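S.K.: Got a structure here, written out as C-alpha cells. Questions coming.
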Amino acid sequence: MKVVAIIPARSGSKGVPKKNIRPLAGYPLIAYSIAASIFCKNIQRVVVSTDSKEIADIAEYYGAEAPFMRPSELAQDRSPNIDFILHALDWFKDNEGNEPDLLVQVLPTTPLRDPLLMSQAIQTMISNNKATSLRSVHELPEPPQKMMQIRDGYLVGFFPNDPRPEYYNLPRQTFPPAYHPNGYVEIIKTDFVRSGGGLFGSHVLAYITPVTVEIDRQEEFEYLEYFIEKRGHPIYDYLKRHFPITKGEQC
C-alpha cells in the first residue's frame, strides 16, 4: 500500500498565534510531527498542507514536502478537514497520476509521539478490511456524564434525559470508560473518502495510546517545555542531533 503522512498546518491560529511554527524547546512545533512521520517505517512520504509560504519553508527544512499551497478558503477556523484532504488528493491525482491508498493525518498539535505506535496503527488499519478509518484515543479520567455546563449562571449536566437524580454525582465507575480522540495518529482510506461517505465513516477503528498532551493554549506549551526539560523525548533528541541550535538562534 502507498501510505503518505499528511500534516495540516494552516497559518491562522488565534488561540496561540503562529502555533504550528512556534518554538517548543527550541524547535518549531511542526518539526516534531515531521520527525515522527519520517521515523515511521510504514510511511513513504511526509507532506504538509499549508496556506503559508513561511510554514512550507520550515516544513521543507525539517524534511517534509510542501508541493502545493492550500487555498485560503480551505484554511479558515471553520473549514472542514475533509476539504483540505480532498484538495491534497486532487493534487496527487492531477500532478502525479495516482493517489495514496492511505493518508495518515498527523496533527502538529500533538507533538510527542512514538513512531513505533504509529507503525502499529498503520498495520492494524491495513489488516482490517471492514474499517473505514482509524483514530487514536486515550482514556479520559472522567466520563462525559461527570461534566457540567453553565446555563443562566447555574451548573447543569449535559444529559438531561438521564432519569437518575443528580446522575453527575454518581461515582465515575458507574459509567462506561470514555475516550478522547487525541490526534496522535489518524488514518484515512482514500477510496472511502472518494466514495462520498465522509472523512472517517461509521466503522472507525479505535487505537488506544498513552495519555497525550495536545497543544491548544499557552499552558500546554509551558507544560511540554517542562516535560521535555525534565524527561526528554526521542523525537527531541533526534532534532537536537540533526538540527543543532546555535546560541541565540530562533527557529
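The numbers here are math on the coordinates, done by the rules we state, and not lab data. Owing to the predicted nature of the structure, the values given are computational and were not obtained by experimental measurement. Positions of Cβ are backbone-derived with ideal geometry, glycine not excepted, and every protein chain shown enters the neighbour counts.
S.K.: Under a GNM of the chain (C-alpha, springs under 10 Å), which listed residue has the highest mean-square fluctuation: GLU166, GLU186, GLU219?
M.R.: Looking only at GLU166, GLU186, GLU219, the biggest GNM fluctuation is shown by GLU166.
S.K.: Taking square-rooted eigenvalues a ≥ b ≥ c of the alpha carbon gyration tensor, is the range 41-160 rounded, prolate or oblate, where a/c under 1.5 means rounded and, failing that, a/b exceeding b/c means prolate? Before the final figure, lay out the partial values.
M.R.: Numbers: a/c = 2.11, a/b = 1.53, b/c = 1.38.
Cα axes put the range 41-160 in the prolate bin.
S.K.: Also, I was wondering about something else. Of the peptides 106-119, 62-75, how do they stack up when ordered by the mean number of other Cβ atoms within 10 Å, highest first? Before the final figure, lay out the partial values.
M.R.: Numbers: 106-119: 21.9, 62-75: 17.6.
The most tightly packed comes first, giving 106-119, 62-75.
S.K.: Nearest 0.05, what FRET efficiency do LYS240 and MET69 give at R0 = 25 Å with Cβ-Cβ as r?
M.R.: Values: r = 30 Å, r/R0 = 1.21.
According to the calculation, E is roughly 0.25.
S.K.: Please give the direction-averaged projected area of the C-alpha convex hull for the chain, in square nanometres with one decimal. Intermediate values should be presented prior to the final figure.
M.R.: Details: hull surface 66.1 nm².
Mean projected area of the Cα convex hull: 16.5 nm².
S.K.: If you count, for each residue, the other Cβ atoms within 10 Å and average over each peptide, how do 25-32, 170-177, 148-155 line up from highest to lowest?
M.R.: 25-32, 170-177, 148-155
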